[in-house]
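Structure first, then comments.
The values are calculated or read from the model by the stated rules, or taken from the named source; none is laboratory data. Quantities reported herein were computed from a predicted structural model and do not represent experimental measurements. Positions of Cβ are backbone-derived with ideal geometry, glycine not excepted, and every protein chain shown enters the neighbour counts. In case anyone asks, the SASA skips ligands and DNA or RNA and just uses the protein heavy atoms, side chains included. Shrake-Rupley method; radii C 1.70, N 1.55, O 1.52, S 1.80 Å.
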Amino acid sequence: MGTGVSTSTDKNIVDKSRSHRNKPVSKAVRQTRERLQSSHPASGAFDRDVLLIYINAVLQGASIVPLFVIIIAALGIYLTENTQIFLWALLTLTAHAANVFLARRARKRELNAVNARKWRRVLLLGQLMIGCCWAVFALQDCATCEPSSFVLYKGATLLIALSVTAMSNFMLTPSVLVTFAPVVAGVIIKAGLSRDILEVSLAAILTTTVIFFNHIGDRLFKSSLKILAFQAEKDDLIAELEVAKSMSDEARRRAEEANLAKSRFLASMSHELRTPLNAILGFSEVMSAEVMGPLNNPTYKEYTNDIHRSGEHLLNLINEILDLSRIEAGKYELAEEAISLLDISEDCIGMVQLRARAKKITISQQFEPELPSVWADEKSMRQVILNLLSNAVKFTPQAGEIMVKVGWTAGGGQYISIKDNGPGIPEEEIPVVLSAFGQGSIAIKSAEQGTGLGLPIVQAILAKHDGQFILKSKLREGTEVIAILPSQRVLQTVPAVEDTQAISRKRRSFA
């Protein structure tokens, strides 16, 4: 289980001017969620969007109807030589221009739920005006033309006009019925008065086609409403996610600001915290040793010993907190130099040897021979190894065993492994143990409780060295911790001169 610790010096500071926006943002999120929870959009919810789509369609296709009317008028004058068709064309173009003018006026206005209905009625009135122009065309007669040819001409023209109207104006329901109701009425009245088979057929075909195209337009309109509803739901979801992310980022920045302020405060209070503790430790030790004279009351001497032990415990706790705070605040500087992990490991084993012997714990060593030096901070690496060894001695039972290994990693780096046969750590408690001030159930029950900062400091120091920390543990089988330095920190050794005999490393021994 490898862990990394951020070593960034500064973090984002929250903008406190945005705090007043929390209430409106929460209200917007609540309204969005309520709107999303409704299965169907409310009636008229998309009146404005539908009307804007229709207006844009009218303005984009404004040149289609005039071109069609001009072609029909020219063809009619050519077939019938009747100049009344020219007057009809002029009237139709005027009505179309008025409809385009209304669409432009509507687009310039600020449409809302109230005036959208009013403009919808106005635009339907414009379509009715165009429909009256097509009704005038449907009532045209030609005495000099062949009846079947002229009826075919009118029927084809009206069907094309009907299809164009249905396809371009389906977002303005019921524009097809409003536009061609006068046309159908005029054709039916004319067919009833003339009782001509061609006129009756034209009336029947036109009526059926109007009903069919109205049905098609209604289906297209409902499909467009569903698309708009899906688009609105997607936009609402995106908006809610963005708002939630913004609120989460703000909360994270506030937490980071508070944590950074705490870290900076503790990092800057090193002298102020340690100075009175040193005085307490020094004077209590002087009194305990009776340097200035004997203490008449033996209870006072016992009290001075308690004060000294408590001061040492508090000083160790403050030192660990300050170390972690300096690392978090980015003020932990490494004094890097060429060091030997073998030598440091032997020194640290010697420092904990007395505590281990007091519990009859055996510390074994398994070191790779002739390991090259690494580029690291000696003080920090000593602290890493001492923290790991102290934990192993603390939680290893009487007459237990600890194995310390130093060697090569598969990637060319170097590692330090410390394995004990203690009670182990439950798998679900490993993240707790690796967090700051976190202690497992074994540590809580143990008489030698610590601060819970040893492993976080180890992780932070190794992260400063671009290294890695791994903790492996099983309940009732022991724990193994591994500190790894990358291959980039291993120094290349220069080959020995052939005529010079290599000096073997002298092994250290401890009493």
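Annotations
- Options ALA279, ALA232, ALA239, ALA261; residue that is open to solvent by 50 Å² or more (accessible area, probe 1.4 Å) and among the hydrophobic types (A, V, I, L, M, F, W, C): ALA261
- Cβ-Cβ under 6 Å pairs, at least 6 apart or on other chains, region 241-253 side of a type in the set (A, V, I, L, M), far side open to solvent by less than 100 Å² (accessible area, probe 1.4 Å): VAL243/VAL25; VAL243/VAL29
- Annotation: ALA161 fulfils all but one of (1) at pLDDT 80 or above; (2) crowded, with 21+ Cβ neighbours inside 10 Å; (3) touching a Gly at 6+ places or on another chain (Cβ under 6 Å); the unmet one is (3).
- Residues that are out of contact with any Phe, Trp or Tyr (no Cβ under 6 Å at 6 or more places or on another chain) and either of a type in the set (Gly, Ala, Ser) or part of a helix (DSSP H, G or I) (or both), drawn from region 345-361: SER345, GLU346, ASP347, CYS348, ILE349, MET351, VAL352, LEU354, ARG355, ALA356, ARG357, ALA358
- Within region 393-409, none of the residues are open to solvent by 10 Å² or more (accessible area, probe 1.4 Å) and in contact with a helix residue (DSSP H, G or I) (Cβ under 6 Å, 6 or more places away or on another chain).
- Region 69-81, subset of a type outside the set (Val, Ile, Thr) and out of contact with any helix residue (DSSP H, G or I) (no Cβ under 7 Å at 6 or more places or on another chain), residue least open to solvent (accessible area, probe 1.4 Å): ALA74
- Given (1) within 59 Å of the chain's Cα centre (by Cα); (2) at pLDDT below 80, number of the condition TYR153 does not satisfy: (1)
- ASN296 meets the conditions (1) open to solvent by 50 Å² or more (accessible area, probe 1.4 Å); (2) at pLDDT below 75 in every case but one. The failed one is (2).
- One residue stands out among those in region 463-511 that are acidic (Asp, Glu) and under 30 Å from LYS394 (Cα atoms): the one that is modelled with the lowest pLDDT, which is GLU477.
- Scanning region 330-344 for residues that are open to solvent by less than 40 Å² (accessible area, probe 1.4 Å) and either in contact with a Phe, Trp or Tyr (Cβ under 9 Å, 6 or more places away or on another chain) or part of a strand (DSSP E or B) (or both) turns up ILE339, LEU341, LEU342.
- Among residues of region 137-149, those that are aliphatic (A, V, I, L, M) and open to solvent by 60 Å² or more (accessible area, probe 1.4 Å), counted: 2
- Exactly one residue out of LEU152, LEU198, LEU206, LEU225 is touching a residue at least 24 places away in the same chain (Cβ under 8 Å), open to solvent by 50 Å² or more (accessible area, probe 1.4 Å), in a helix (DSSP H, G or I) and under 25 Å from ILE77 (Cβ atoms): that is LEU198.
- Verdict on ILE321 being surrounded by 19 or more Cβ atoms within 10 Å (Cβ to Cβ) and assigned to a helix (DSSP H, G or I): yes
- The residue that is nearest to LEU322 (Cα to Cα), among those in region 233-267 that are small (Gly, Ala, Ser) and within 21 Å of the chain's Cα centre (by Cα), is ALA255.
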